[in-house]
1. Using the structure shown, decide if Pro68 is surrounded by 14 or more Cβ atoms within 10 Å (Cβ to Cβ) and either at pLDDT below 90 or basic (Lys, Arg) (or both).
2. Among the residues of the stretch 77-99, how many are free of Cβ contacts under 8 Å to residues at least 60 places away in the same chain and farther than 12 Å from Ala24 by Cα?
3. I'd like the residue in the stretch 71-91 that is surrounded by 11 or more Cβ atoms within 10 Å (Cβ to Cβ) and assigned to a helix (DSSP H, G or I) and, out of all such residues, is modelled with the lowest pLDDT.
4. Got a sec? Which of Leu62, Leu21 is modelled with pLDDT under 80, surrounded by 14 or more Cβ atoms within 10 Å (Cβ to Cβ) and not in a strand (DSSP E or B)?
5. Pairs needed: first member in the stretch 15-29, under 12 Å from Met88 (Cα atoms); second member anywhere, assigned to a helix (DSSP H, G or I) and among the charged types (D, E, K, R); C-beta distance under 6 Å; at least 6 residues apart or different chains.
6. In the stretch 75-105, how many are of a type in the set (Ser, Thr, Tyr) and under 16 Å from Val23 (Cβ atoms)?
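The values are calculated or read from the model by the stated rules, or taken from the named source; none is laboratory data. Just so we're clear, the structure is a prediction, and the values are computed from it rather than from any experiment. Ideal geometry is used to build each Cβ from the backbone, glycine not excepted, and the neighbour counts take in all protein chains shown.
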Amino acid sequence: MNEFDILQSAAAGMDAQRAALDVAARNVAAAEATPGAGVFERMVPRFALADDDDSGEPGSDLDDAGLPVRFLGAVPERGVDVDAMTEMVAVLDAQRAYETDASVFDAGKRLAERTIDMGRLQ
């Protein structure tokens with residue numbers, strides 16, 4: 001795994017968590033629109049690891065732990081109505097995961113900058 005793979009994985013994670021925030025925001029809006037007994041089913045984001053064909057880099061040497069995650073869409077959770085408190089927890093989880101991916105992206109960016117600087121010194 002090189003520094004550009006780190007950037008790709010972190011960016012994919014940030015994109016997936018942004019999509020999860022969108023789903024949670026939809027659920028919060030549905031919970032607020034229907035106080036009491038809700039008529040909206042809770043939507044749950046689905047994620048998957050991108051394989052070599054989906055990452056845009058055929059033959060990538062990333063192992064399963066380093067593959068970028070991608071958002072597949074949202075599916076209804078059967079038999080579960082939307083609850084604002086549950087959705088706020090989902091928002092906090094997605095926000096923390098996004099911040100973690102942003103920190104990884106920043107570290108990868110610094111690593112790439114230092115690698116370029118080292119190449120200039122030689």
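1. Working: surrounded by 14 or more Cβ atoms within 10 Å (Cβ to Cβ): yes; either at pLDDT below 90 or basic (Lys, Arg) (or both): yes.
Considered against the rule, which asks whether it is surrounded by 14 or more Cβ atoms within 10 Å (Cβ to Cβ) and either at pLDDT below 90 or basic (Lys, Arg) (or both), Pro68 comes out as yes.
2. 7
3. In this case the residue turns out to be Ala84.
4. Exactly one of Leu62, Leu21 is modelled with pLDDT under 80, surrounded by 14 or more Cβ atoms within 10 Å (Cβ to Cβ) and not in a strand (DSSP E or B), namely Leu62.
5. Between residues of the stretch 15-29 that are under 12 Å from Met88 (Cα atoms) and residues that are assigned to a helix (DSSP H, G or I) and among the charged types (D, E, K, R), the close pairs are Ala24/Glu87; Asn27/Glu87; Val28/Glu87.
6. 2
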